[in-house]
Amino acid sequence: MSAANLAKPRGFAASINSDINKPHVIKGCKPEVFADIYLEQTNMVIWQRELSNTLKQAVAAFLKSNASFQLAMTVTPQSAKESLKESLKESLRESLKESVHESAGQIIGDSNPGELSENIAELVDMFCYLFDLKRAGLRLTVLDRAMCPKFHVDHVPCRLITTFQGIATEWLPHEAVNREKLGAGSQGQPDAKSGLYQSQRDIQCLSPGDVALLKGEGWQGNENAGLVHRSPAVTGGERRLLLTLDFSE
């Protein structure tokens, strides 16, 4: 899917919410849904995509040989694919040096860094095109625990999140949140006891492969309406591969 196929409003004039009490989430099976992030009452859009078997296999193999991988870099649509491919290959080479597993070579061969880097580069292209950005801040991280275990909002204009493998990001609908209980307002209480939400049934969860655009508090007119979300609890032995993209100056 090319970024050129994404329809978007002219210019980057972030919308002003006329009814701040009713922001909602829009879901779609095609990446064209991303353009709906510009709608006034939208605080998240979700592209419900299915990962190919080839990509799933590449990700699974990568996680086997990169248990603690972390990558943070600034990329452009033009540089993303090669920069990522080289970083992933270097990590795999280091894993091969350190591994004594008899099948390490096979695991690394199956990981196919080109497949993963190409997929991520396509997301970088879409993200930059949608928001008229020359570059984006990229983080690709293997997680075996919750990175941000409490519900929170991001103080950014918009963030792209996708989980390639493992349990994905949890979120709360706007109408289910008592925002006075966010952050210090929780008085140190866990989310389930602070009064932030009324019922466990309020908690929604993205699916692996979903690509979400989360509108943050930094989006003009979206103050007190940023998408409330958190990292999920990870069970013993499970690992997630999480990608985030942010605006970069």
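Checking the conditions here, which among D132, D154 is in contact with an Asp or Glu (Cβ under 8 Å, 6 or more places away or on another chain) and of a type in the set (D, E)?
D154
Could you please give the count of residues in segment 1-19 that are surrounded by fewer than 18 Cβ atoms within 10 Å (Cβ to Cβ), assigned to a loop (DSSP other than H, G, I, E, B) and either at pLDDT 95 or above or not hydrophobic (A, V, I, L, M, F, W, C) (or both)?
Qualifying residue count, segment 1-19: 8.
Can you pull out every residue in segment 158-177 that is surrounded by fewer than 20 Cβ atoms within 10 Å (Cβ to Cβ) and closer than 20 Å to G221 by Cβ?
Once the filter is applied, which keeps residues that are surrounded by fewer than 20 Cβ atoms within 10 Å (Cβ to Cβ) and closer than 20 Å to G221 by Cβ, segment 158-177 yields P173, E175.
Need the failing condition index for K22 against (1) of a type in the set (D, E, K, R); (2) in a strand (DSSP E or B); (3) at pLDDT below 95, just the number.
(2)
Out of the residues in segment 182-202 that are hydrophobic (A, V, I, L, M, F, W, C) and in a loop (DSSP other than H, G, I, E, B), state the one that is surrounded by the most Cβ atoms within 10 Å (Cβ to Cβ).
My answer is L196.
Would you be able to say whether some residue in segment 70-92 is surrounded by 14 or more Cβ atoms within 10 Å (Cβ to Cβ), of a type in the set (D, E) and modelled with pLDDT of 90 or more?
Within segment 70-92, not a single residue is surrounded by 14 or more Cβ atoms within 10 Å (Cβ to Cβ), of a type in the set (D, E) and modelled with pLDDT of 90 or more.
Does H174 satisfy the criteria of being under 17 Å from the mean Cα position of the chain (by Cα) and farther than 27 Å from S83 by Cα?
Against the criterion (under 17 Å from the mean Cα position of the chain (by Cα) and farther than 27 Å from S83 by Cα), H174 does not qualify.
Would it be correct to say that E122 is of a type in the set (D, E), without any contact (Cβ under 8 Å) to a residue 60 or more places away in the chain, closer than 24 Å to K85 by Cβ and assigned to a helix (DSSP H, G or I)?
So E122 does not fit the description; no.
Go through (1) part of a loop (DSSP other than H, G, I, E, B); (2) buried (at least 19 other Cβ atoms within 10 Å of the Cβ) for L140 and report which single condition fails.
Of everything listed in (1) part of a loop (DSSP other than H, G, I, E, B); (2) buried (at least 19 other Cβ atoms within 10 Å of the Cβ), L140 misses just condition (1).
Looking for whichever is touching a Phe, Trp or Tyr at 6+ places or on another chain (Cβ under 8 Å), in contact (Cβ under 8 Å) with a residue 60 or more places away in the chain, buried (at least 19 other Cβ atoms within 10 Å of the Cβ) and outside any loop (DSSP other than H, G, I, E, B) here; the options are L243, L133. Which one fits?
That would be L243, the only listed residue that is touching a Phe, Trp or Tyr at 6+ places or on another chain (Cβ under 8 Å), in contact (Cβ under 8 Å) with a residue 60 or more places away in the chain, buried (at least 19 other Cβ atoms within 10 Å of the Cβ) and outside any loop (DSSP other than H, G, I, E, B).
Could you grab the pairs with beta carbons closer than 7 Å, sequence gap of 6+ or different chains, first residue in segment 169-187 and in contact (Cβ under 8 Å) with a residue 24 or more places away in the chain, second one hydroxyl-bearing (S, T, Y) and surrounded by 18 or more Cβ atoms within 10 Å (Cβ to Cβ)?
T169/T163; T169/S231; L172/Y197; A176/Y197; V177/Y197; S186/S194
Restricting attention to segment 203-215, report how many residues are surrounded by fewer than 21 Cβ atoms within 10 Å (Cβ to Cβ) and either assigned to a strand (DSSP E or B) or in contact with a Leu (Cβ under 9 Å, 6 or more places away or on another chain) (or both).
5
The values are calculated or read from the model by the stated rules, or taken from the named source; none is laboratory data. Note that this is a predicted model, so its numbers are computed, not measured. Every residue, glycine as well, gets a Cβ built from its backbone with ideal geometry; the counts of neighbours run over all protein chains shown.
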